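The values are calculated or read from the model by the stated rules, or taken from the named source; none is laboratory data. Keep in mind it's a predicted model, so treat the numbers as computed, not measured. Cβ sites come from the backbone with ideal geometry, for glycine too, and all protein chains shown count toward neighbours.
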């Protein structure tokens, strides 16, 4: 392309049976008996790297959703979005069998300690050669708070104020070490230069940490910061910190409005637009012909349990939709809980498709595109060139087949059009996101 822009691709994964398509695990071709096995995660890492994806990340929750009908029965019995493994334990397995693929985990600034989190992420970033992303969340439910000994989740504004300080503290800790600290001189008995190490001495209103980390500087300095906040405060946070944004607007105009808003907020902070890639969620059903693809999509849709679909949106809204049947009732019941992006997406569906609230909340599949590889590539190219996004978060459906098919059919089509890389240009995730190799 004349502009030099290329599409970025990140895979949306779970350490469980289900991502955003709550029926796909029931498909005959979905592999689910290896969820607790290392081989599952090693295989998908190899598939995504062969497809030249920028990376992947694991969505996560610190608990089991028990909002719908006052319990977790629906999620457990019918296969909802559950993390059966801590993603931080899975990422090293994936890093070990790849050399370029970025690897990311969702970690909360509300429930972690910045020193411990900075230490874990820096260690993984070193061991992976600078390929780690941190999907920063502030969490959104009381159930998570109660798992950490807190009765209620703090108010959203406060959570983001804490998150700002949390990241300031982490960056101060990551900057304690200079790049060339090691001397490694056995003859003189000098391992490292202490003059190239400093204390963090971070003191905020909510967070304090002295440092320094015992962990040296990683190849990319610090993990790539990923974020998905859709509220006004979340967007302000993203404009300051995010290098990747996971977005899920329901229509092209909504995507373009979000894209323009974030890039404008970045400019106001003095950040160039290329410092942050905005990626829209994409759920793909592929077929050799359009009619075959539509038959496949219809079959997948038939596997969605209506009760689980309602439970999934109950979880995102943090309100039991079996008891609250209107938008106004949900808003009144949320309090400090709920994900703004879920509420925005439901309202966008109502507006774009002309459906009532009670129908919109039964839809869970986001960014669904059905067709041949050429048709899917057409859709992606249109959104990309019309500045609705900088790329896509490709969601897990039939696992691992949907990723395997995407990488062997859609990716070559995008490459043929000159809008997706044929090979990785850099060594670190940040280099590949920015399209330039900064390492020797």
| said: I'm trying to understand the selection: among the residues of the range 203-247, which are without any contact (Cβ under 8 Å) to a residue 12 or more places away in the chain and under 18 Å from residue 10 (Cβ atoms)? | reply: none
| Taking the range 181-195 on its own, how many of its residues are surrounded by 10 or more Cβ atoms within 10 Å (Cβ to Cβ) and either assigned to a strand (DSSP E or B) or at pLDDT below 95 (or both)? | 6
| remark: residue 28 vs (1) surrounded by 20 or more Cβ atoms within 10 Å (Cβ to Cβ); (2) out of contact with any strand residue (DSSP E or B) (no Cβ under 8 Å at 6 or more places or on another chain); (3) modelled with pLDDT of 95 or more: all pass except (1)
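Could you check how many residues of the range 86-102 are touching a residue at least 60 places away in the same chain (Cβ under 8 Å) and either surrounded by 20 or more Cβ atoms within 10 Å (Cβ to Cβ) or on the phi > 0 side of the Ramachandran plot (or both)?
4
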| said: Restricting to the range 188-202, and then to whatever is touching a strand residue (DSSP E or B) at 6+ places or on another chain (Cβ under 8 Å) and in contact (Cβ under 8 Å) with a residue 24 or more places away in the chain, can you tell me which residue is nearest to residue 162 (Cα to Cα)? | reply: 202
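Given the structure, is residue 2 outside any loop (DSSP other than H, G, I, E, B), more than 18 Å from residue 139 (Cα to Cα) and either at pLDDT below 95 or under 16 Å from the mean Cα position of the chain (by Cα) (or both)? Before the answer, list the steps.
On the way: outside any loop (DSSP other than H, G, I, E, B): no; more than 18 Å from residue 139 (Cα to Cα): yes; either at pLDDT below 95 or under 16 Å from the mean Cα position of the chain (by Cα) (or both): yes.
No, not satisfied.
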| note | Of the residues in the range 392-418, those that are crowded, with 17+ Cβ neighbours inside 10 Å, modelled with pLDDT of 95 or more, in a loop (DSSP other than H, G, I, E, B) and out of contact with any helix residue (DSSP H, G or I) (no Cβ under 6 Å at 6 or more places or on another chain) number 1
| request: Just name the residue that is surrounded by the fewest Cβ atoms within 10 Å (Cβ to Cβ) out of those in the range 11-25 that are within 22 Å of residue 38 (Cβ to Cβ) and touching a strand residue (DSSP E or B) at 6+ places or on another chain (Cβ under 7 Å). | output: 15
| remark: Of the candidates 306, 223, the one satisfying the condition of being more than 30 Å from residue 329 (Cβ to Cβ) and either modelled with pLDDT of 95 or more or surrounded by fewer than 21 Cβ atoms within 10 Å (Cβ to Cβ) (or both) is 223
| message | Going by what's in this entry, would residue 229 be described as modelled with pLDDT of 95 or more, assigned to a loop (DSSP other than H, G, I, E, B) and either surrounded by fewer than 22 Cβ atoms within 10 Å (Cβ to Cβ) or within 17 Å of the chain's Cα centre (by Cα) (or both)? | response | no
| query | Out of curiosity, is residue 308 in a helix (DSSP H, G or I) and under 23 Å from the mean Cα position of the chain (by Cα)? | reply | yes
| So, in the range 339-373, of the ones that are modelled with pLDDT of 90 or more and part of a loop (DSSP other than H, G, I, E, B), which residue ends up surrounded by the most Cβ atoms within 10 Å (Cβ to Cβ)? | 372
